[in-house]
Every structure is written in C-alpha cells, then in structure tokens.
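For reference, the structure is listed below as structure tokens.
The values are calculated or read from the model by the stated rules, or taken from the named source; none is laboratory data. Model, not experiment: these values are computed from the prediction. Positions of Cβ are backbone-derived with ideal geometry, glycine not excepted, and every protein chain shown enters the neighbour counts. The area values use the complete protein model at the heavy-atom level, side chains included, leaving out ligands, DNA and RNA. Shrake-Rupley method; radii C 1.70, N 1.55, O 1.52, S 1.80 Å.
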Amino acid sequence: MKAFKFTLAAGVAATLLAAVPAYAQFTERNIRLSNGVNEDHPNGKGVEKFRACLTDKSGGKLKVQGFWGNALGGDLQATQALRSGTQEMVVTSSSPLIGILPDLGVFDLPFLFANEKEADAVLDGSFGKHIDAKLETVGLVNLAYWENGFRNLTNSRRPVEKWEDFKGLKVRVMQNNVFLDTFKTLGANAVPMAFGEVFTALETKAIDGQENPFVTIDTSKFYEVQKYLSVTRHAYTPFLVLYSKKLWDGLSKDEQAALRDCAVVARDEQRKVSRELSEASLNKIKGEGTVVNELNAQEANRMREQAKSVWEKHAATIGPETVKMMQDELTKIRGK
Ligand code: KDG
C-alpha cells in the first residue's frame, strides 16, 4: 500500500511539474490575500480561480491564502500593509484609497458608467493602464480590475423614489469625499465609515442606510436590517487586485507574469459570477421581505442632474488630466 501511495504522490508531483517549463523560476511562496467582503461574495470564486491558475503555472509553488470579512483589517489598513511590505495582496474597492491616490476618485463620480460593458472597456483599456501606472508610484501593483458593481441604496425608513427623498436620511458612505459630496448634494446626512462597521451601525440604527451592489447587500446580509432597497445605480466601483510593490520587486519575471496572467483569468470568472449572482441576490433580498423600488427614467435623470455639480467640484482634486482622459475614453466607447 505504501508503495502505491508513493507512486501516486510521485505521479501527481510529476504532473504538476510537467505543467511548468523546466526553465521557469518559481520559489515556494505563501501569498496572503485579504478581502473586506465574505467568501460567498463573487470574490470567493475569483480567488479560487486565481489560486488554481497559479498552482498550474508554478507547479504548486505559488500558494494563495485567502482572508475574508476584513480579517486582516479594512481596505485602507490592508492597502497600507502592502505599501509597507508586510502583506502581499488585497482585493479592495478603489474608493477608500483616494487619500493615497486622488486620481482613483474618478471612479466615484456619480453616474459615470451607464453599464458594465462601458466599465469593462474603460478599466481593461488604456485608461486602466493610466491608473495602474499611477498606483505603482505609490507602492501598489494593480494586477486586474474585478467587479464590485453598480451601487444601490438601502435604508430602514422609506423608499427613495426621487432625489428629494434622500432628505434627512443618515447614509453611510465609503471614506471618500466624492461620495460624501454626492450624498450631501442629494440632501442626505452622509456618514463616512469603514465597510466592517456598517452592519452593526445599521442594526443599532446609528445610521439609516448604506449603498452597495446587490451581491454585497446579499452576502453581507444587510437586507436583515434594511427594510427598503431603491435601485439607483448611482455609481459603479471597481475592485483593485493589488500586490505590494516592495514584495513584487523581489519576484522573478516568471512569477510576475504568472500573477498578472492569473489575475486576468480570475477577473473574467469573478465578473461572470458577479453578473450571474446579481439577479439572484436581488430576488433573494426581495424574498427576505425587503421592499424594492426602481427609480423611473425621469426621476433617475433628475437625480443625475442634481448630482452633476459634484463633477465640477472634484475635477481639480481628482486631477483634470485623469477626468478628461476618462471623458474622452467614454466619448470614444459611446461613439459620440
Ligand atoms: O474589501 C471590499 C469591500 O470593503 C467593499 O465591499 C467596499 O464597496 C465597499 C464598501 O461599501 O465599503
């Protein structure tokens, strides 16, 4: 029996190693990758695909250890750990990082993208590379853009059917001045707060509402403490798949290439799962008793008009070159 087990193990090892070209340079590494969301969020499938791809390319030498639900700290705290070289990776929203790189605020401009197709084209094209280059100057290597998604409002007090209904609602927003201003401009009492504190703040009624994509409202169970969901699609936030540049610079070219390739393979899986789960999450939220309303086209346009002033106000802090580049890219994609 022992001989059989040895032969089997040797066979598996040989298969794994056969997948790796003899000349490839890989070192045994444990890559700690943290998320603010829970593992049943589409990021769970993304990390699974990323891990399997790296195992295949490195013969099992590059291992990914996933941490969920802010186990290694919130988005900003984990990102700072990357910059100091004490953690390898984080999958984080771009929004909490604008204090590190103001240009990231461009993604928070209200009603920027009309649909996922536009978002993918901008993020995976020259504009995404423009942001990637800037991220490297602040110690962060972005391997790919995954999907956080279109954001919608939940609250415990009333349906929001027109922008005036925001008045007096205490709404948690990400720690980001563009979001803060957007919700203040809509009349809400905006409260910046780290993601990990949101559920308790909603449960204790310290805040009335929050805003996130359906899959996050589902997998973070916000529906348990939110009576109303209003489909506003007021912003689309990407996830950055970041590697510590301090640690990246110590990797071989083969390891860097494998990480980049696998983050893109995993991106396509994560987006696919995110878009498949989105509808299912909305139905689940409805099934749990949350009252869902969709803004009609006229009220959605009025909300867009009301939030327009945020663009002018923040263009200077985000960076006029970055805002113009985004606008030019969208004009090109829309064929206008
Ligand atoms: O780590 C990712 C989460 O923190 C992400 O869901 C951030 O959308 C976000 C929020 O509302 O903070």
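Of everything in segment 61-89 that's open to solvent by less than 20 Å² (accessible area, probe 1.4 Å) and either at pLDDT below 95 or over 14 Å from residue 246 (Cβ atoms) (or both), which residue is farthest from the ligand (Cβ to nearest atom)? Taking the candidates together, the pick is 62.
Here residue 247 qualifies as more than 14 Å from the chain's Cα centre (by Cα), open to solvent by 30 Å² or more (accessible area, probe 1.4 Å) and in the same structural domain as residue 36 (by TED's automatic domain parsing). Check whether at least one residue in segment 69-90 is touching an Asp or Glu at 6+ places or on another chain (Cβ under 6 Å) and touching a residue at least 24 places away in the same chain (Cβ under 8 Å), and report yes or no. The answer is no; no qualifying residue exists. Just one of (1) closer than 28 Å to residue 273 by Cα; (2) open to solvent by 10 Å² or more (accessible area, probe 1.4 Å) fails for residue 94. It is (2).
Within segment 193-201, does at least one residue satisfy the condition of being open to solvent by 20 Å² or more (accessible area, probe 1.4 Å), within 25 Å of residue 314 (Cα to Cα), of a type in the set (A, V, I, L, M) and within 14 Å of the ligand (Cβ to nearest atom)?
Yes, the conditions are met somewhere in segment 193-201.
The single residue among 318, 333 that is in contact (Cβ under 8 Å) with a residue 60 or more places away in the chain, in contact with a Lys or Arg (Cβ under 9 Å, 6 or more places away or on another chain) and within 17 Å of residue 107 (Cβ to Cβ) turns out to be 333.
Among the conditions (1) away from the ligand (no atom under 15 Å from the Cβ); (2) of a type in the set (Phe, Trp, Tyr); (3) not in a loop (DSSP other than H, G, I, E, B), the only one that residue 111 does not satisfy is (3). Taking the condition outside any strand (DSSP E or B) and buried (at least 18 other Cβ atoms within 10 Å of the Cβ), does residue 241 pass? So residue 241 does not fit the description; no.
Candidates 263, 316: the one that is closer than 26 Å to residue 102 by Cα, part of a helix (DSSP H, G or I) and modelled with pLDDT under 95 is 316. What about residue 227, is it away from the ligand (no atom under 13 Å from the Cβ), open to solvent by 10 Å² or more (accessible area, probe 1.4 Å), charged (D, E, K, R) and touching a Ser or Thr at 6+ places or on another chain (Cβ under 6 Å)? Yes; evaluated as a whole, the condition is true for this residue.
Just one of the numbered conditions (1) at pLDDT 95 or above; (2) surrounded by 15 or more Cβ atoms within 10 Å (Cβ to Cβ) is not true of residue 252: (2).
In the set 183, 179, 214, only one residue is within 14 Å of the ligand (Cβ to nearest atom) and open to solvent by 20 Å² or more (accessible area, probe 1.4 Å); that residue is 214.
Restricting to segment 296-313, count the residues that are farther than 30 Å from residue 102 by Cβ and either of a type in the set (Lys, Arg) or open to solvent by less than 60 Å² (accessible area, probe 1.4 Å) (or both).
Residues flagged as farther than 30 Å from residue 102 by Cβ and either of a type in the set (Lys, Arg) or open to solvent by less than 60 Å² (accessible area, probe 1.4 Å) (or both) within segment 296-313 amount to 1.
Of all residues in segment 90-104 being near the ligand (Cβ under 7 Å from one of its atoms) and of a type outside the set (Gly, Ala, Ser), which is nearest to residue 66 (Cα to Cα)? Once the filter is applied, the top-ranked residue is 91.
Looking only at segment 124-152, filter to residues that are part of a loop (DSSP other than H, G, I, E, B) and open to solvent by 30 Å² or more (accessible area, probe 1.4 Å); which one of those is farthest from residue 43 (Cα to Cα)? Going through the qualifying residues, I end up with 137. Can you tell me which of (1) surrounded by 14 or more Cβ atoms within 10 Å (Cβ to Cβ); (2) modelled with pLDDT of 95 or more; (3) in contact with a strand residue (DSSP E or B) (Cβ under 8 Å, 6 or more places away or on another chain) is the one residue 30 doesn't meet? Only one criterion is unmet by residue 30, namely (1).
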